[in-house]
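> Please read through the structure below; I'll follow up with questions.
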Amino acid sequence: MRIQFLQHVPFEGPAGIGDWAVRKGHSIETTHLFEDRGLPDQGSFDWLVVMGGPMGVHDLIDHPWLGREKLLVNETIRAGKTVVGVCLGAQLIADALGARVYRNGHKEIGWLPIELTEQGRTSGPFTFLPSRLEVFHWHGDTFDLPENAVHLARSDGCEHQAFLYDGRVLGLQFHLESTPASVADLVSNCSDEITPGSYVQNAERMLSAADEDYERINQALFGILDRLSGKGSR
């Protein structure tokens with residue numbers, strides 16, 4: 001399988017999703033949108049994975065390539081391919097599906113729990129997960145649930161944490177792909193976003209996560225991607 005990553009900033013790469021792809025023997029290509037050198041051809045990939053970034057979906061003046069990226073995401077969904085979005089990537093998918101994307105009432109930054117919805121527990125790629133799972137977050141925006149999408153997970157700070165559309169388009173507001181290096185990169189490059197809040201942890205707490213914490217979320221990610229690709233247990 002050919003997987004195309006869309007990367008918005010140098011410090012938010014494929015991380016654990018790339019690890020999964022390598023283990024499964026899939027080919028990987030990454031388009032660095034921040035270099036603004038064009039977008040991949042629709043025929044060059046089977047999966048599109050849209051990563052996170054500190055910009056918002058409406059920041060077209062500062063990042064004019066966002067408009068072209070939105071068209072690619074929309075075209076890929078309409079082409080019937082699998083699309084996975086993480087954080088900003090999930091917001092771009094929601095936007096492509098006609099849902100509103102806007103500032104959330106709270107920032108969520110750090111190791112905080114999500115809860116599966118009833119639909120998340122009983123159908124789709126989350127059914128093997130515990131009903132409550134601590135994951136890594138770094139976001140200030142959110143989205144309305146796209147029409148005909150299945151709401152998979154929520155949290156106290158953000159109602160729409162994950163959704164599945166048409167069984168093949170997955171939006172994850174949180175970061176299951178995180179590794180110690182990727183979290184350190186976020187803390188280093190986005191420290192100005194760490195401001196006091198009900199769902200914001202300090203840098204020391206975020207960086208003190210144990211190897212077991214990363215293993216737990218990465219295993220959750222691998223299981224989700226296996227099921228999305230039809231290779232996991234149903």
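Any read-out appearing in this document is the output of simple, stated calculations on the displayed coordinates, not a laboratory observation. On a predicted model such as this, the values are computed, not experimentally measured, just so you know. Heads up, the Cβs are rebuilt from the backbone with ideal geometry, glycines too, and the neighbour counts pull from every protein chain shown.
> Kindly write out, for region 207-213 in residue order, the coupling ³J(HN,Hα) from the Karplus curve 6.51 cos²θ - 1.76 cosθ + 1.60 (θ = phi - 60°), rounded to whole Hz, with x marking Gly and Pro.
Using θ = phi - 60°, the values come out as 7, 8, 4, 7, 4, 5, 5 Hz.
> In terms of modelled amide H atoms, which long-range or inter-chain residues lie less than 5 Å from the amide H of Glu12?
Correct list: empty.
> Another question, if that's okay. Using square roots of five times the C-alpha gyration tensor eigenvalues, list the equivalent-ellipsoid semi-axes of region 1-56 in whole Å, biggest first.
Rounded to whole Å, the semi-axes are 19, 15, 8.
> Sticking with this structure for a sec: Arranged from highest to lowest average of other beta-carbon atoms within 10 Å per residue, in what order do the peptides 2-10, 171-179, 111-119 appear?
171-179, 2-10, 111-119
> Still on this structure, I have one more. Counting DSSP beta bridges in the chain, what percent are antiparallel, to the nearest 5?
Taking every DSSP beta bridge within the chain, about 50 percent pair in antiparallel fashion.
> Output the relative contact order of region 2-228, whole-number percent, from Cα pairs under 8 angstrom with separation of 6+ residues.
Relative contact order comes out at 20 percent.
> Cross-chain or 8 or more residues apart, Cα under 20 Å: how many lysine pairs in the chain fit that? Count them up, please.
4
> Follow-up. Taking only Cα atoms and a 10 Å spring cutoff, compute GNM fluctuations for the chain and point out the largest among Ala79, Ala209, Ala99.
The residue that fluctuates most here is Ala79.
> Using the Cβ atoms and a cut-off under 10 Å, what net charge is assigned to the surroundings of Glu134, where Lys and Arg are +1 and Asp and Glu are -1?
My count for the surroundings of Glu134 gives +1.
> Now for a separate question. What whole-number volume per residue, in cubic angstrom, does the convex hull of the C-alpha atoms of the chain give?
Dividing the Cα hull volume of the chain by its residues yields 114 Å³.
> I've got another one for you. At 222 nm, what helix-only mean residue ellipticity would the chain give, in deg cm²/dmol to the nearest 500, using -39500 (n - 2.57) for each DSSP H run of four or more?
Computed mean residue ellipticity for the chain: -9000 deg cm²/dmol.
> In a GNM of the chain with a 10 Å cut-off on Cα contacts, which of Phe136, Phe45, Phe126 has the highest mean-square fluctuation?
Comparing Phe136, Phe45, Phe126 in a Gaussian network model of the chain, the most mobile one is Phe45.
> What distance in nm separates the simple spin-label points at Phe34 and Ser123, each placed 7 Å from Cα in the Cβ direction?
Spacing of the two 7 Å Cα→Cβ label points: 3.9 nm.
> Ranked highest first by the average count of other Cβ atoms within 10 Å around their residues, in what order do 65-73, 137-145 fall?
Highest mean packing first, the order is 137-145, 65-73.
> Give the residue from Phe222, Pro196, Thr142 lying farthest towards the positive end of the charge dipole for the chain; charges sit on Cβ (+1 for Lys and Arg, -1 for Asp and Glu) and the dipole is referred to the Cα centre.
The Cα lying farthest towards the positive end belongs to Phe222.
> Treating only the Cβ of Lys, Arg, Asp and Glu as charged (+1, +1, -1, -1), what charge dipole size does the chain show about its Cα centre? Round to the nearest 20 debye.
780
> Using just the C-alpha positions of region 126-233 as equal point scatterers, what log10 of I(q)/I(0) does the Debye formula give at each q in 0.13 1/Å?
Computed log10 I(q)/I(0) values: -0.54.
> Continuing with this model, one more query. Hey, what do the phi angles of region 147-156 turn into as Karplus ³J(HN,Hα) couplings, whole Hz, using 6.51/-1.76/1.60 and θ = phi - 60°, x for Gly and Pro?
4, 6, 8, 8, 7, 9, 7, 9, 8, 5
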